[in-house]
Amino acid sequence: MRADGSDGMNAEISWRVELAVKPGMLTAFQALTNEMVESARNERGVLSFQRFVSDDGGCVEVYERYADSAAATAHLQKFLATFAARFSTLVERRRFRVFGRPSPELKALLDTFGADYLQPLGQLAYWA
């Protein structure tokens, strides 16, 4: 049991973000994504960091998964300091959906992105 009252699996946080790529910005967004992937590769607690693009290049789906709220918080703080300004010139967020039980500190950060939240259903023994 962790300090937040959760076990390891229940501490995991993940999110899906739907992005609209601004016209003519896909190549620049891909270059920025390459930088972000390399940066995230060196962060503690990043379990999954994936991007998917629609056939027409107008939509990107983000999927990220973290060991716990502390890892997700550290990632978002680094994103805000390093990538957020460029990111916002290339894409617009359509939806930011968070899965898990974020800590109050993480939830405060996620709220700035307009996130909505879903918790695990019941007490089932889920696996990833």
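Within the stretch 42-125, list the chymotrypsin sites (Phe, Trp or Tyr not before Pro) lying in a DSSP loop whose Cβ has at most 16 other Cβ atoms in a 10 Å radius.
Details: sites: PHE49, PHE52, TYR63, TYR66, PHE79, PHE83, PHE87, PHE96, PHE99, PHE113, TYR117; in loops: PHE83, PHE113.
Sparse-neighbourhood loop chymotrypsin sites (Phe, Trp or Tyr not before Pro): PHE83, PHE113.
For the stretch 8-118, what are the per-bin percents of Cα-Cα distances with bins 5 Å wide, up to the bin holding the maximum?
Using 5 Å bins, I get a P(r) of 2, 12, 23, 26, 20, 11, 4, 1, 0 for the stretch 8-118.
Over the chain, with a Gaussian network built from C-alpha contacts below 10 Å, which listed residue (ALA28, ALA40, ALA72) shows the highest mean-square fluctuation?
Per the Cα network of the chain with a 10 Å cutoff, ALA28 tops the list.
When a/c reaches 1.5 or more, the comparison of a/b and b/c decides; with that in mind, is the stretch 81-128 rounded, prolate or oblate per its Cα gyration tensor?
Values: a/c = 2.67, a/b = 2.18, b/c = 1.23.
The shape class here is prolate.
Order by neighbour count: ASP55, ASP68, fewest other Cβ atoms within 10 Å first, most last. Numbers along the way, then the final one.
Numbers: ASP55 6, ASP68 22.
Sorted ascending by nearby Cβ count, the order is ASP55, ASP68.
A short reminder: the numbers here are calculations on the coordinates, not readings from a lab. Everything quoted here is computed from the prediction, not taken from an experiment. No Cβ is skipped: glycine too gets one built from the backbone with ideal geometry, and neighbour counts run over all protein chains shown.
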